[in-house]
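As structure tokens, the structure follows; a few thoughts come after it.
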Amino acid sequence: MEKNGIISKELAGAREYEEKQADLITDEMRPAYHFSPRTGWLNDPNGLSYYDGKYHLFYQYHPYSTYWGPMHWGHAVSEDLISWEYLPAALAPDTGYDYSGCFSGSAVTMDDGSHLLMYTSCGDSSGDPTGKGRWIQLQSIAIRKPGESEYAKYEGNPVISESDIPEGGDPYEFRDPYMWRCDDGSYRVLVANGRTSAEDGTRLLLFRSEDGLNWGGGKVLFEDERRIGVMWECPNFFPLGGRHILMASPMDMQAEEGEAVGSIRFPQGNNVCYITGDYDEQLDEFCPDADDADAGYFMYEPVDGGLDFYAPQTFETVDGRRVMIGWMQDPSMANLHSEDEFRIFGQMTVPRELTLKDGRLIQWPVSELEKYRQVPVVYRNISIGTKEAEVSVGSLKDIQGHSLNGIHGRMLDLELEIRPDEAPGKDAPGGNGGLSYREFAVRFAAGGSRYTEFRYDPERSVVTVDRSHSGQSGKISGKRTIRVRERKGRLSIRMLIDRWSAEIFINNGEQVMSLTYYTDLSAEGIEFLADGTVTLDAAAYRLAKK
């Protein structure tokens with residue numbers, strides 16, 4: 001906390017610690033182009049914004065450990081969303097209303113040019129009626145004035161209190177404020193709120209302010225009676241393509257099967273979904289698209305189909321793009337690493353530009369990433385695979401992988417176009433609609449018996465990410481399969497491989513699968529396999545920081 005130019009001992013201590021520890025962390029210990037914490041632990045992205053000529057990324061941060069702990073706000077700035085400069089921690093739990101943690105929040109610019117942060121302040125746990133030791137969660141703000149560098153916590157905190165919660169809301173499940181400015185200059189904030197009876201599900205509360213300091217008008221913008229999970233975290237609400245998008249991270253969802261046999265729309269546990277609809281700014285009302293108008297069931301879709309993606313936040317760039325950054329981690333698997341394994345833990349996704357096409361959310365890496373590409377290695381019309389007689393039907397396990405000279409490594413932007421042989425004829429694998437192959441796979445971070453795999457089954461139109469051979473703990477989820485659009489055996493993918501992670505963009509961003517793996521960096525191989533034969537175009541760009 002900064003007050004009258006004096007930094008609290010808690011914030012000063014965090015800054016001193018992170019500066020000393022950062023000197024012990026080499027570039028080789030970090031992802032190359034995915035953001036990671038200055039030291040210690042990272043989870044949700046916070047306060048994404050453009051302010052004072054730079055992009056700002058704050059993040060949930062525990063500098064003292066690679067495990068979750070009392071939450072601080074880490075801070076970094078960038079001119080291009082890819083290369084980030086660490087700044088001293090911005091917030092620490094150091095007051096009576098937030099001594100248990102400064103949870104997630106957001107940022108906007110005020111009329112006088114100040115940078116306004118709103119965060120969830122976690123305080124006392126003694127009054128939790130469930131006896132589970134939950135902290136009371138209220139909303140507080142911190143302000144950086146023009147020309148200054150510190151964020152001073154507002155003397156009127158908390159600005160949204162227990163008394164502001166509509167009837168039936170639980171002040172111990174009340175968090176993650178997402179702010180924006182309206183066309184008339186007023187402020188809105190959307191806050192996740194559980195109900196006093198957990199069986200009643202969750203709701204998202206909308207508050208308004210004329211000046212960013214005094215808040216009121218709490219109303220329910222959206223609610224879910226446990227159709228999707230127990231509690232929705234980290235809501236986002238924004239215009240896109242003439243519609244409005246509501247995005248949130250439901251906890252403890254039941255698994256939902258996909259349309260194709262063996263595919264999963266949502267796995268058991270924590271997920272991220274989005275809902276399209278229309279928003280009336282004058283009435284502050286949101287009407288979600290419904291798949292059953294009579295029953296009022298809203299339509300919802302997954303944001304990421306991989307193994308590691310949670311708590312994303314979006315914002316508008318200075319040139320008007322809607323950009324999203326997510327925490328690349330499954331929260332339920334986040335504390336399974338050993339204490340001496342890493343000096344840092346946690347990373348963000350590459351910033352993704354969002355668009356809306358035919359009601360579908362399209363995601364694509366921001367164009368700034370392409371400036372870091374080096375001269376590509378390019379292949380066209382390469383035949384990959386083995387004739388039917390030489391393979392085990394429906395299995396890749398006995399097939400020899402194909403390597404392409406110059407395509408290897410753990411820091412790569414890899415573009416692939418896969419299509420069947422044009423005239424498969426009598427060699428086409430039987431029972432596959434006349435296609436020339438049953439299955440195609442890319443193995444990366446491959447060395448010895450270790451690899452991570454992306455597979456495509458064209459007959460079922462499903463793709464799978466599989467890290468069960470990466471060398472990770474058996475307690476960590478190994479694979480996930482999702483349905484993709486049927487394209488007669490054609491598939492387009494872009495893979496961002498960065499030391500211990502991959503983001504796979506499918507069919508020009510119609511779907512994305514994100515995952516982490518901690519295979520030794522000596523495993524640099526990339527192999528292509530096919531049950532049958534496919535024609536492959538490949539372009540591989542090594543990525544280097546400038």
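Computed quantities for the displayed model
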{"quantity": "Relative packing of 513-522, 470-479, which averages over residues the other C-beta atoms within 10 Å, highest first", "calculated": "513-522, 470-479"}
{"quantity": "Stokes-Einstein D in µm²/s, Kirkwood radius over Cα pairs - the range 152-192 at 25 °C with 0.890 mPa s viscosity", "calculated": "205 µm²/s"}
{"quantity": "Rounded to 10°, Cα long-axis angle of helix 9-22 versus longest principal axis of the chain", "calculated": "20 degrees"}
{"quantity": "Shape parameters for the chain, alpha-carbon atoms, Rg then Dmax in Å", "calculated": "24.0, 81"}
{"quantity": "Alpha-carbon spread of the range 172-325, three principal axes, descending order, Å", "calculated": "51, 40, 33"}
{"quantity": "Met118, Met251, reordered so the largest accessible area comes first (probe 1.4 Å)", "calculated": "Met251, Met118"}
{"quantity": "Unit charges on C-beta of K, R, D, E only; dipole of the chain, Debye", "calculated": "1620 debye"}
{"quantity": "Surface accessible to a 1.4 Å probe, per residue, for the residues of the chain, Å²", "calculated": "40 Å²"}
{"quantity": "Protein accessible area in the chain, 1.4 Å probe - carbon and sulfur %", "calculated": "46 percent"}
{"quantity": "Relative contact order of the chain, pairs being alpha-carbon contacts under 8 Å that are 6 or more residues apart, as %", "calculated": "12 percent"}
{"quantity": "Within the range 220-240, backbone nitrogen closer than 12 Å to the virtual label 7 Å beyond the Cα of Ala290 toward Cβ", "calculated": "none"}
{"quantity": "For the chain, calculated [θ]222 nm from helices alone, where every DSSP H run of n ≥ 4 adds -39500 (n - 2.57)", "calculated": "-1000 deg cm²/dmol"}
{"quantity": "Rg [Å, one decimal], Dmax [Å, integer] - the range 179-221, C-alpha atoms", "calculated": "12.2, 38"}
{"quantity": "Amide H contacts of Gly258 (H built 1.01 Å from N, under 5 Å, at least 5 apart or other chain)", "calculated": "Ser263, Ile264, Arg265"}
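The values are calculated or read from the model by the stated rules, or taken from the named source; none is laboratory data. Remember, predicted model here, so these are calculated numbers, not experimental data. So basically every Cβ, Gly included, is an ideal-geometry build from the backbone, and we count neighbours across all protein chains shown. We work out accessible area using only protein heavy atoms, side chains counted, and drop any ligands, DNA or RNA first. Shrake-Rupley method; radii C 1.70, N 1.55, O 1.52, S 1.80 Å.
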